[in-house]
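Colleague: Shown below is the structure under consideration.
All of the numbers you see were taken from the coordinates with simple rules; none came from a lab. Keep in mind that what you see is a predicted model, and the values were worked out from it rather than measured. Every residue, glycine among them, receives a Cβ derived from its backbone with ideal geometry; neighbour counts consider all protein chains shown.
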Amino acid sequence: MKIRNILMILLCAGFPGCDKLGQLGKDSEKPVIDRITIDPAAILVNDTTTITVEARDLNDEPISYVWNNFGQGTFIGSTTDEIILWKAPAVAGNYPIRITVTNESGRSTSRTDTVEVIAQNTPVVIISNPLNGAFISAGLGAVTVSAQATPTDIDSMTFAVGSTVLDRALGSSANFVWNIASLSGSQILRVSAYRHSGPQQFVGETSISVSIEPVVGKRK
């Protein structure tokens with residue numbers, strides 16, 4: 001038994017409700033899941049995606065990983081690593097994937113995220129850079145936002161931050177330059193795809209969230 005646990009027992013002796021304080025202490029020592037990254041977040045039926053978890057233990061104990069697909073789709077390879085491959089089923093839909101992180105003391109934390117699976121004949125738009133959930137320093141000045149659309153008969157794409165369209169490009173693949181020097185906080189990036197056969201036709205879009213970290217001035 002750890003020394004701090006013995007001290008807690010001695011200090012709590014005779015104090016009603018102290019057992020609840022002890023439980024709070026245990027809860028605070030569960031592993032922390034910082035982020036789940038799904039790349040790409042939207043895939044075609046029978047396609048694969050890479051899912052990564054970033055987790056840590058507040059007591060610096062070793063942690064283990066277990067992924068659960070709820071019997072939908074197929075894991076390719078290990079289901080007990082930080083990075084796994086998941087193959088989509090043949091039916092379109094939104095599929096939950098759960099990660100459970102457990103430390104050496106047996107305390108665990110779980111989180112569930114969703115993979116969007118799209119039918120083969122449905123246009124797919126993805127943002128390949130930056131990744132969803134990325135933290136970006138405003139000190140970079142500008143970031144290249146890379147986007148692709150399938151099928152390749154897409155005629156143009158637009159790039160927007162929030163509801164404001166900032167740029168447009170022809171074709172089904174584009175690199176948009178986004179100036180971020182004066183920005184900070186959470187930003188929603190959106191890319192929309194269009195066909196131009198006859199009147200312009202909206203065919204699909206995708207969006208991700210990133211965080212811009214402001215540059216902290218140097219002390220003199």
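Colleague: Looking only at segment 25-72, filter to residues that are within 14 Å of Ser108 (Cβ to Cβ), in a loop (DSSP other than H, G, I, E, B) and acidic (Asp, Glu); which one of those is nearest to the chain's Cα centre (by Cα)?
Modeller: The qualifying residue nearest to the chain's Cα centre (by Cα) is Asp57.
Colleague: Now, a different point. For the condition among the aliphatic types (A, V, I, L, M) and more than 12 Å from Ile51 (Cα to Cα), what is the one hit in Val115, Val91?
Modeller: Values: Val115 fails: more than 12 Å from Ile51 (Cα to Cα).
None of the others qualify; the one that does is Val91.
Colleague: With Thr150, Thr112, Thr206, Thr164 as the choices, which residue is under 30 Å from Gly71 (Cβ atoms) and without any contact (Cβ under 8 Å) to a residue 24 or more places away in the chain?
Modeller: Numbers: Thr150 fails: without any contact (Cβ under 8 Å) to a residue 24 or more places away in the chain; Thr206 fails: without any contact (Cβ under 8 Å) to a residue 24 or more places away in the chain; Thr164 fails: under 30 Å from Gly71 (Cβ atoms).
Of Thr150, Thr112, Thr206, Thr164, the one residue that is under 30 Å from Gly71 (Cβ atoms) and without any contact (Cβ under 8 Å) to a residue 24 or more places away in the chain is Thr112.
Colleague: Collect the residues in segment 156-194 that are under 15 Å from Ala134 (Cβ atoms), assigned to a loop (DSSP other than H, G, I, E, B) and hydrophobic (A, V, I, L, M, F, W, C), keeping them in residue-number order.
Modeller: Those that are under 15 Å from Ala134 (Cβ atoms), assigned to a loop (DSSP other than H, G, I, E, B) and hydrophobic (A, V, I, L, M, F, W, C): Ile180, Leu183.
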